[in-house]
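The values are calculated or read from the model by the stated rules, or taken from the named source; none is laboratory data. Everything numeric in this text was worked out from a predicted model, so none of it was measured. Methodologically, a virtual Cβ is constructed for each residue, glycine included, from the backbone with ideal geometry; neighbour enumeration extends over all protein chains shown. For the accessible areas, the whole protein counts, side chains as well, though only heavy atoms, and no ligand, DNA or RNA atoms are used. Shrake-Rupley method; radii C 1.70, N 1.55, O 1.52, S 1.80 Å.
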Amino acid sequence: MSGRVCASILQRASSYTSTLSCTAPFQYTHSVGFPSSQPPAARQCHFSSWGNGTSRSGSCFTSDESGSRSQSGRHLSTHQNLDFQLSQVQINSILRSNEQTVSVPEFDGRVLSAVKKFESNQLAANTPNEDRRSAATCLQSKGMLFGVFDGHGGWACAQAVSERLLYYTAVAMMSEQILEELEKCMEHGRAVPPILQWYKHHTDFNCRESASLYIDHLRVFWQELLDSEEHGEGMGPLDALDCSFKRLDADISLEAQVPFSNDLMRSTAIQVAFAGCTACVAHVGTDRIHVANSGDCRAVLGVLKEDGSWSALPLSQDHNSQNHAEMERIKAQHPPSERDTVVTDDRLLGVLMPLRAFGDVRFKWSLELQQSILACLEPGVDLDSLNLYHYTPPNYLTPPYLDVAPDITCHKLRPQDRFLILGTDGLWDELGNEEAVRLVGEHLSGIHLQAPVSPSERQMKLGQMHELLLKRQARASPALDTNAATHLIRHALGTGEYGELCHERLASMLTLPEDLARMYRDDITATVVYLNSDLARHS
């Protein structure tokens, strides 16, 4: 972010007459009750918060430090707030309130794990946060699943997808024999064998109101897999990811059309379908990573080069207007007369930036179906409160204009592949692939490589040499965070002109009022997965 943008932020914020709060931006959090007396760190989850299981939390770091008004009670200027009210301790408290660190056992009783540990964090710009994240170990098949989800039009769709998608993927990879056991347990009312071992932060919200519906439709999915004569030992990760994305989106669409006796369940289903979210999910197996992406989240692999430097290998492609192949794919699905209107101003029908997504039935259903579903809501329901409104995108002539079909990348793990970064677009708006990998790589190794001074740099004037030295000094600065995801977010928002961390810049981004924050940054979610390079070397 340039100095001019930082100054603009300060200027806009200073126009507010109210004193800025120095506490963390409001997070949409809901503490999940644990029906068992067992502590959350020791429990496995059968259906996340849906059934009688619960979740396992990774270690997290929080602080209760917060800012306050001056003791005299007078209104301080914005600049004074930043200088005197938001200390380093308070900045750390805001940045670290949602961070998560989980170490993974090297051997889980079945196979060696390709994951050593993972670190994750979130920082909201929207109120409430529209990003979600998921991480789990597959208990009835092999590997771990990680996902980041970027909601739009509200948080409802991202919430539902983050709770459900990993289950669909895991079920698709399970063998026919295990699926038959699941079905027998459901038929006879016995405890269902756990499908996933979840790793949840204590602030992760779970939607209990729709739990029974989610379980019923997951069961229908595995029943259809059992009816298939070709399922056998289960799908591989590539087919499982492709199938689970498409099937869950179809279920979201179906649930919004089914009449429910429970008004809350019906309004929730409609809210989920009319909102939307992008998703990037990685399955890390013993020797391969499969990444499925739909939308503009991103997965980038950190690769250690022979000289000790780091390079970035993208494992996904953004589905937006900057992706020319994606633009041509969408235009080819509609008549030539719509070629100039399908994407306008870099947005689908001039409205939506990601060109693939879950939900968003406003871009998938016919107008007649949309109107009939909204008309079925109970009289007096506040559509605005559900993020629902009667709005037809311009030039809506030949729907559907949007689908969720993911692009899937398979990568065979090598000894030099050290970590995987999953991030929502709020992270990648601020950091490039190479910069993000360098930050995590140097954070991991503690080594900051500096290139030799080139012949052209030797001819620099004194002022230019001073600037070069400032940049080199910034790169060698020690990390302030033990969590690499927090390290990424801190640098995404607080990097100065020479690559140094700017306290004032970071403070200004963290103290923006709720209605201003989204104008300058997006919700940010980052997950860093550390890979077992020794396992790749032996295999």
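Using the Cβ-Cβ distance between Glu368 and Leu226 with R0 set to 30 Å, the FRET efficiency from 1/(1 + (r/R0)^6) comes to roughly 0.25.
Exceedance of the 26 Å cut-off in Cα-Cα distance is limited, within the set Lys331/Lys364; Lys364/Lys412; Lys116/Lys246; Lys305/Lys412; Lys116/Lys412, to Lys364/Lys412; Lys116/Lys246.
Put simply, the range 199-256 fits an ellipsoid with semi-axes of 24, 16, 11 Å; these come from the alpha carbon gyration tensor as the roots of five times its eigenvalues, largest first.
Summed over the residues of the range 104-202 and divided among them, the accessible surface reaches 30 Å² per residue at a probe radius of 1.4 Å.
The value given for the range 193-323 is a Kirkwood hydrodynamic radius of 18.0 Å, derived from the mean inverse Cα-Cα separation. Using bins of 5 Å that start at zero, the share of Cα-Cα pairs per bin across the range 128-284 amounts to 2, 9, 18, 22, 21, 16, 9, 3, 0, in whole %. In summary, the lysines within cross-link reach of Lys461, defined as a Cα separation below 18 angstrom excluding same-chain residues under 8 places away, comprise Lys471. Across all C-alpha atoms in the range 75-218, the radius of gyration and Dmax reach 19.8, 68 Å. With the convex hull drawn around the C-alpha atoms of the range 125-174, the volume per residue stands at 63 Å³. Among 403-416, 350-363, the peptide with the highest mean count of other Cβ atoms within 10 Å heads the list, and the full ranking is 350-363, 403-416. Summary of packing: across the peptides 391-399, 204-212, 257-265, 149-157, the per-residue average of other C-beta atoms within 10 Å ranks them, highest first, as 149-157, 204-212, 391-399, 257-265. Which value results for Rg/Rh of the range 265-321 when Rg is the Cα radius of gyration and Rh the Kirkwood radius based on the inverse mean 1/r? Result for the range 265-321 is an Rg/Rh of 1.20. Considering all different alpha carbon pairs of the range 274-389, the Kirkwood hydrodynamic radius works out to 17.3 Å.
For Lys200, a cut-off of 16 angstrom between C-alpha atoms picks up these lysines, skipping any fewer than 8 places away in its own chain: Lys117.
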